[in-house]
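Trainee: Got a structure here, written out as structure tokens. Questions coming.
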Protein chains: 2
Amino acid sequence: MSTSIDFYFDFSSPYGYLASEKVEAMAARHGRSVDWHPVLLGIIFKQTGAAPLTMIPLKGDYSRRDMPRSARFHGVSDFRMPSKFPIPSQAPARIVLWQKQRDAALAATVVHALYRAFFVDDVDISMPENAVAVAAKCGVDAAAARAAIDDPAVKDALRQANDEAIARGVFGSPFIIVDGEPFWGIDRFDQVERWLATGGW
Amino acid sequence: MSTSIDFYFDFSSPYGYLASEKVEAMAARHGRSVDWHPVLLGIIFKQTGAAPLTMIPLKGDYSRRDMPRSARFHGVSDFRMPSKFPIPSQAPARIVLWQKQRDAALAATVVHALYRAFFVDDVDISMPENAVAVAAKCGVDAAAARAAIDDPAVKDALRQANDEAIARGVFGSPFIIVDGEPFWGIDRFDQVERWLATGGW
């Protein structure tokens, strides 16, 4: 099959970043491409009562240990927790959503650049000017990207994309849907890969 | 090394059951044994604000799909969601803790029998008479096991064991500690196995 797999992610999600570095190669091994869906976990968490991992007692300490350990385990050598975390991710999400409607391939490049800016270079991509600067280095029109962040139509599109994600059952990041089958977390990548290879079990 | 690995679990945890079916073989591949630690997630969740998975919006629907899928993925062919779920797990936890102080090998046998009674045969092991009947089939003294469930000393021992688990950072089930390194979830078994093989990375 040549259809894409749906990859939902929040730019403030460490496991989303790790997964973003691995998902295209996995999809390609099975003749698939990746459809990138930025979402806002802050909104989604209102449905589930969840909170940012690092802020939860016990789980927070564990996650701060598990994140770099999992990065090394999955061979993502460049990872460090940003000095400001978590961040609101509206600005980078809007840039990607807007760019995706114009050039999906460039939007994918921008996803990687923004994620790496945050989780490798410690750039606060919640600030519009920072997010725009990262996108501009990829070849995106800086002035247009800056305008998109405040464009009511783009804001609406992100709200709608978030609602659609919730309607599909998305509650975390990364979240992958393959031919209707949902998988939460980079720790389901082994199941995603088998699903792509076999169509289920 | 010949030291054991610590396996923390709640009898009401589906992923704990799946992991319980796999952990001894993994430990044995690396010359290790398993130290079984029943805990009460209901108490632990008060620290973290967590709730039983199946009761959480969105996450609940996902987990009901992921649990049997993960069972098949991990080759645990016998699994079905109990008709009553979740259950309080004091009775089976106390039997195991009490039996462990007398015969740790028999206690391990009882762990498997209780878990399978709940997740294969749909026996409500939260009821003392049911939990005792399962243990008795393994060769445990039924009258003594029944008395242990209401023994203040055994109750205290479980409370203390739970406090110690929290002090070690345990917040979920299954939770494995290998030489001081914590791993949460059956989806960290690949990391546990590599840790056992290499001592870290």
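Rule-based calculations on the coordinates, nothing more; no lab input. Keep in mind that this is a model prediction, so the values were computed, not measured. FYI the Cβ positions are ideal-geometry reconstructions off the backbone, even for glycines, and counts take in every protein chain you see.
Trainee: When the helices in the protein assembly as shown are scored as -39500 (n - 2.57) per DSSP H run of 4 or longer and the sum is shared across all residues, what 222 nm value do you end up with, to the nearest 500 deg cm²/dmol?
Mentor: -16500 deg cm²/dmol
Trainee: Per residue of the stretch B:148-165, in order, report the coupling 6.51 cos²θ - 1.76 cosθ + 1.60 (Karplus, θ = phi - 60°) as ³J(HN,Hα) in whole Hz, putting x for Gly and Pro.
Mentor: 4, 4, 9, 6, x, 5, 6, 4, 4, 4, 5, 4, 5, 4, 5, 4, 5, 4
Trainee: Could you give the length gained by full extension between residue A:80 and residue A:122, i.e. 0.36 nm per residue of separation minus their alpha carbon distance, to one decimal place?
Mentor: Result for the pair: 14.3 nm of gain on full extension.
Trainee: Taking a ≥ b ≥ c as the square roots of the eigenvalues of the Cα gyration tensor of the protein assembly as shown, is the shape rounded (a/c under 1.5), prolate (a/b larger than b/c) or oblate?
Mentor: Cα axes put the protein assembly as shown in the prolate bin.
Trainee: Something else now. Could you give, in nm with one decimal, how far residue A:141 is from each other copy of that position, shortest first, with labels 7 Å out from Cα toward Cβ?
Mentor: Nearest to farthest, the other copies are at 8.4 nm.
Trainee: Same structure again: Lys and Arg at +1, Asp and Glu at -1: add these up for the other residues within a Cβ distance under 14 Å of residue A:187 and post the number.
Mentor: Result for the neighbourhood of residue A:187: 0.
Trainee: What is the spin-label model distance, in nm, from residue A:103 to residue B:104 if the labels are put 7 Å beyond Cα along the C-beta direction?
Mentor: Going by the 7 Å Cα→Cβ label model, 6.4 nm.
Trainee: Could you list A:54, B:198 in order of exposure, starting from the residue whose Cβ has the fewest other Cβ atoms within 10 Å?
Mentor: Final ranking by Cβ density, sparse to dense: B:198, A:54.
Trainee: Let me know the Kirkwood hydrodynamic radius for chain B, please, with Cα pairs as the basis and the value in Å to one decimal.
Mentor: 17.1
Trainee: The stretch A:101-168 to the stretch B:124-200: how many Å between their Cα centroids?
Mentor: 46
Trainee: If you find the alpha carbon centre of the stretch B:5-84 and of the stretch A:1-48, how far apart are they in angstrom?
Mentor: Value for the Cα centre distance between the two parts: 26 Å.
Trainee: In the Gaussian network model of chain B, springs joining C-alpha atoms below 10 Å, which of B:15, B:62, B:115 carries the largest mean-square fluctuation?
Mentor: Maximum fluctuation in the GNM of chain B, among the listed residues, is at B:62.
Trainee: Also, quick follow-up: What does the copy distance list look like for residue A:199, label position 7 Å along Cα→Cβ, in nm and ordered from shortest?
Mentor: Ordered by increasing distance: 4.8 nm.
Trainee: Now for a different question. Each residue of the stretch A:61-70 in order: what ³J(HN,Hα) in whole Hz does its phi give by Karplus 6.51 cos²θ - 1.76 cosθ + 1.60, θ = phi - 60°, with x for Gly and Pro?
Mentor: Couplings: 4, 4, 5, 5, 8, 6, 4, x, 5, 5 Hz.
Trainee: If each residue's Cβ is checked for other Cβ atoms within 10 Å, how do A:81, A:55 rank with the fewest at the top?
Mentor: By the 10 Å Cβ count, ascending, the order reads A:55, A:81.
Trainee: Within 10 Å of each residue's Cβ, count the other Cβ atoms and sort A:13, B:33 from fewest upward.
Mentor: Lowest count first: B:33, A:13.
Trainee: What is the residue of chain A with the smallest Cβ distance to the axis taking A onto B, and what is that distance in whole Å?
Mentor: Result for the axis mapping A onto B: A:187, 2.
Trainee: Here is a further query. How big is Rg to Rh over the stretch A:95-150, alpha-carbon atoms, Rh as the Kirkwood inverse-mean-distance radius?
Mentor: My calculation puts Rg/Rh at 0.93.
Trainee: Highest mean first, what order results for A:40-53, B:163-176 on Cβ atoms within 10 Å?
Mentor: Going from most to least packed, we get B:163-176, A:40-53.
Trainee: In nm, what does the list of distances from residue A:61 to its counterparts in the other copies look like, shortest first, when each label sits 7 Å along Cα to Cβ?
Mentor: Result for residue A:61, in nm, nearest copy first: 3.6.
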